[in-house]
Amino acid sequence: MDRNIATDLANRSVTEMRTISRDDIKTTAIIIMVVIAIFGTITNTLSLSYFISKIRANRLTRNSDNPTTKLFAVLNICDLFVCVFVTSAYNGFFRACIRPSVLASGYLTCLLAAVRTIHLIFPFHIINWTAVKFSSGIYTVIIALTTVIIQSKLFGLRYSLDIMQMNILASIFVIMVLMNVITLGKLCLSKSSQTEKWKRKAAVTVGILSLIYCVCNVGFLILNRGGKEFSWSSRQLGGLSWLSEFILLPLNSACNPVVYLTRKKEMRLHVKTLWGKFVGCLCKEERENNVQPSTMTAEI
């Protein structure tokens, strides 16, 4: 009898410890997610202001716009959406917006990798940006329609379209890796005198972005694709799925602006200018607050 009571008490204590540890892990994960999301929102806002200012400057000086700058700006917007939406993931609408943003971010990163590879392999080839815009529009429509059907559970196609989106993400993953392998091979084989310095630097920047994307999204891809293909149990998916979707995805979006900042001198100068303006506004407000009491004393 005493042994049964002792066994029950031991089982209860183990269950309570598991519950506490799970709660602690979940709380810690939520805190990490919020910190990453806040950091990513700030960094993406700063980098987006740089790209917008650069596009405006080109228009004011009547210089031809660099299409890759616009691609970086749109990628920046998608990363900002991921960081903002992930903090409201418990809301069905915002959670539904995360995957389209991730798919758009992957497509744009893959497109940038392809453009840089073409520029390195075929330096005199002129890219047809009209065709790029057209294909991007078709891709956007496909992702939007499939997402609406998946969330609305229309026509009984939820499972098939869900798998289709994961296959698209897997295809992007493979193409991105292939493009970066070709680019890396070209950079290793070519001498610095044969390849312009800015092209090499741009290719390395896109390569870093692609590497971060692959590392942060491989878990999301495997868990979502594999979980549906092999019918993994909820226990197997559980915490890992949560980690891949709510920590690694926003981490990818938060890291991209850091790459821009470390690789682009103009962006660092832009951020310094913004910081100087912010500090100047604070100092001006403080001086005005100090002047008002002295003025009131003089009037009395």
**Most to least accessible of 152, 190 (protein chains only, probe 1.4 Å)** = 152, 190
**Request:** Give me the accessible area of residue 186, 1.4 Å probe, in Å² rounded to the nearest 10.
**Result:** 70 Å²
**Asked** Past the 24 Å Cα-Cα mark, which pairs from 133/186; 70/201; 133/197; 199/277?
**Response** 133/186; 133/197; 199/277
**Item:** Ranked order, 134, 124 - accessible area, probe 1.4 Å, largest first
**Value:** 124, 134
**Asked** Which distance in nm do the two modelled labels at residue 152 and residue 45 give, with both placed 7 Å along the Cα-to-Cβ direction?
**Response** 3.4 nm
**Prompt:** Going toward the positive end of the dipole of segment 98-211, with +1 on Lys and Arg Cβ and -1 on Asp and Glu Cβ, which of 120, 98, 135 do you reach last?
**Reply:** 120
**Message:** At 1.4 Å probe size, with the rest of the protein present, what percent of the exposed accessible area of segment 124-173 is carbon and sulfur atoms?
**Reply:** 73 percent
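The values are calculated or read from the model by the stated rules, or taken from the named source; none is laboratory data. Here the structure is a predicted model, which means the values were calculated and not measured. Cβ sites come from the backbone with ideal geometry, for glycine too, and all protein chains shown count toward neighbours. Ligands, DNA and RNA are excluded from the accessible area calculation, which covers all protein heavy atoms including side chains. Shrake-Rupley method; radii C 1.70, N 1.55, O 1.52, S 1.80 Å.
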